[in-house]
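All remarks here apply to the structure that follows.
The values are calculated or read from the model by the stated rules, or taken from the named source; none is laboratory data. Because the structure is a prediction, the values reported are computed rather than measured. Cβ coordinates were reconstructed from backbone atoms using ideal geometry, including for glycine residues, and neighbour counts include every protein chain displayed.
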Amino acid sequence: MSHETVYAIASGKGGVGKTTTTVNLGTALAEAGERVAVLDADLGMANLAGFVSLTPDSTTLHDVLAGDASLDDATYRLADDIVAVPSGTSLDDYAETSPEGLREVVDDLRSRFDYVFIDVGAGISHETVLPLGLADAVVLVSTPEPAAVHDTKKTVELTDRAGGEVAGLVLTRTREGSDLSHDEIADRLDASVLGSVPEDPAARDSVYAGTPLVVFEPEGPAAVAYRRLAADLTGVDIDEPTADDGADDDAPEVTVPDADRTRSDDSDSESSATGPTDADDDGREAAHDDVSSAITEAESDR
């Protein structure tokens, strides 16, 4: 297994599949039995809030960074072996946050989970640069288009300034006859290509279905690419899907709770290994129907 357990998933440009990559890498590892946490570090434009059916009063990473809540209170179970810590959507709450608190949050998650994936905001800001130095390695995400590659070069420079290490590049929505070859892109960024995810209509369908692609259509070309990428990145043995691994049979069952529900103290609840402390004893699970809005908004120019 790789010694790296905390990965920042970053891009210089929005709409290249960063959140989709984060979710599918995490889900692939969770399906293999690894305990995974996904942290939404895009404090200004939250990407993962739709996973947990948040209401205006729900606890998020904003509350944690403002010193008003614990990390456990902002942790939500998505499915077996995977949880998410979403950022909020309120600009007022954003103004109260202290990004420096991300270090403590990341350290806490690192100690409790096998793998942590940080969904980093695009662009140049303090909260964007900070996670690049907190992670063990940065995974760059870009499409093969020149503009996206150009912006990704800036992320490479920001990672260097933050004292981080680039693990490599994931190329998304690839197809034959792209403007730039993979070797040329790697040379421009001085980063190896970890893998490529081919253009796949099922990717968008999975967004609207509210199901990660590796569950929605596990045998599709993009899902297979994400599963292989997760295995190559971490060294975890991830099985290929069998012919009868249909999405309807294998999709994790997720219920839609009240988003501001308090934690249950029911001692008969069976504890799972997925969440920090009692995070998944409370029935606080993700609203699968809202996944599509989160990713679609974050990647609206796909």
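Some notes on this structure:
- Within the range 232-260, considering residues that are in a helix (DSSP H, G or I) and either modelled with pLDDT under 50 or touching a helix residue (DSSP H, G or I) at 6+ places or on another chain (Cβ under 8 Å) (or both), the one farthest from Arg77 (Cα to Cα): Leu233
- Residue within the range 82-95 that is modelled with pLDDT of 95 or more, charged (D, E, K, R) and out of contact with any His (no Cβ under 6 Å at 6 or more places or on another chain) present: no
- For the range 134-156, residues that are over 14 Å from Gly17 (Cβ atoms) and within 17 Å of the chain's Cα centre (by Cα) total 5.
- Applying the condition of being of a type in the set (Ser, Thr, Tyr) and at pLDDT 85 or above to the range 58-67 and asking which residue is farthest from the chain's Cα centre (by Cα) yields Thr59.
- Within the range 177-223, the residues that satisfy the criterion of being within 20 Å of Gly26 (Cα to Cα), small (Gly, Ala, Ser) and either in contact with a Ser or Thr (Cβ under 8 Å, 6 or more places away or on another chain) or not in a loop (DSSP other than H, G, I, E, B) (or both) are Gly195, Ser196, Ala202, Ala203, Ser206, Ala209, Gly210, Ala222, Ala223.
- Taking every residue in the range 123-135 that is closer than 17 Å to Glu165 by Cα and pairing it with any residue that is at pLDDT 90 or above and of a type in the set (D, E, K, R), at least 6 positions away or on another chain, the pairs with Cβ-Cβ distances below 8 Å are Val129/Arg161; Leu130/Arg103; Leu134/Arg103.
- When Val16, Val38 are checked against the criterion of being assigned to a loop (DSSP other than H, G, I, E, B) and modelled with pLDDT of 90 or more, a single residue qualifies: Val16.
- Check on Ser70, outside any helix (DSSP H, G or I), farther than 28 Å from Thr174 by Cβ and modelled with pLDDT of 90 or more: yes
- Residue selected from the range 188-231 under the condition basic (Lys, Arg) and modelled with pLDDT of 95 or more, by the criterion surrounded by the fewest Cβ atoms within 10 Å (Cβ to Cβ): Arg228
- Selection from the range 96-117 of residues that are modelled with pLDDT under 75 and surrounded by fewer than 22 Cβ atoms within 10 Å (Cβ to Cβ): Glu96, Ser98, Pro99
- The listed residue being among the small types (Gly, Ala, Ser), in contact with a Lys or Arg (Cβ under 9 Å, 6 or more places away or on another chain) and surrounded by fewer than 20 Cβ atoms within 10 Å (Cβ to Cβ), out of Ala162, Ala147: Ala147
- Checklist (1) modelled with pLDDT under 95; (2) closer than 30 Å to Ala32 by Cα; (3) not polar (S, T, N, Q) applied to Gly123, failing item: (2)
- Any hit, the range 149-171, residues being part of a loop (DSSP other than H, G, I, E, B) and closer than 25 Å to Gly220 by Cα: no
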